[in-house]
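To start, the structure itself, in structure tokens.
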Amino acid sequence: MVVILIFLFILVVLLIFTYNDFVSKRNMVDEALSGIDVILKKRFDLIPNLIETIKGYTTHEKDTLAEIVNLRNKTAAFNNNSDKMELDAKLNQAITNIFALAESYPDLKANSNFQSLQTDLLGLETDIERAKRYYNGTVRDYNNAVQRFPGVMIAGSFGFVKKDFLALEDISERIMPKVSF
């Protein structure tokens, strides 16, 4: 009888430990996703300043600027993470187009306000990349806990399910670019 009670006690302690581990890992995933949202918000707030700076120098690039404003406005409306990440990829491409556009306008390229905004934006892009890596690392740890034994036996009972990684949206981003001179 004592052996059975000790076994049940150990089983309950293991269950509590495993459940708490799942909760901790799930909270880390949520915190990592929140970190991405914070950085995206910073970029979201920086874009109007960049657009206003560019407007003063460009006269016939209204379509490019309108696309960025449109994407920025759409980003604010989404609560779904996959849609938000897809729009983020499109916005990133549009911002790259703006920097390419700046090459055509030497006065804009030399403007200290534009240079400062460009530097800030490039820093935010680096922060976004790091935050996405951190998120994927926390998802990996969480998924490992959910799918490994004995966690797999407990996870489903308490509603802990596998989470998705953030991946490249555009398959063309996986292909090595061809460079020729």
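Looking for something part of a helix (DSSP H, G or I) and modelled with pLDDT under 55 - is there at least one such residue anywhere in segment 159-171? For segment 159-171, residues part of a helix (DSSP H, G or I) and modelled with pLDDT under 55: present.
For segment 70-109, taking the residues that are farther than 17 Å from I36 by Cβ and aromatic (F, W, Y), the one that is modelled with the lowest pLDDT is identified as Y105.
The residues on offer are D141, D120, and the sole one that is in contact (Cβ under 8 Å) with a residue 12 or more places away in the chain, farther than 16 Å from F44 by Cβ and either touching a Ser or Thr at 6+ places or on another chain (Cβ under 7 Å) or surrounded by fewer than 19 Cβ atoms within 10 Å (Cβ to Cβ) (or both) is D141.
The values are calculated or read from the model by the stated rules, or taken from the named source; none is laboratory data. The structure displayed is predicted, hence computed values, not measured ones. All Cβ positions, glycine included, derive from the backbone under ideal geometry; neighbour counts span all protein chains shown.
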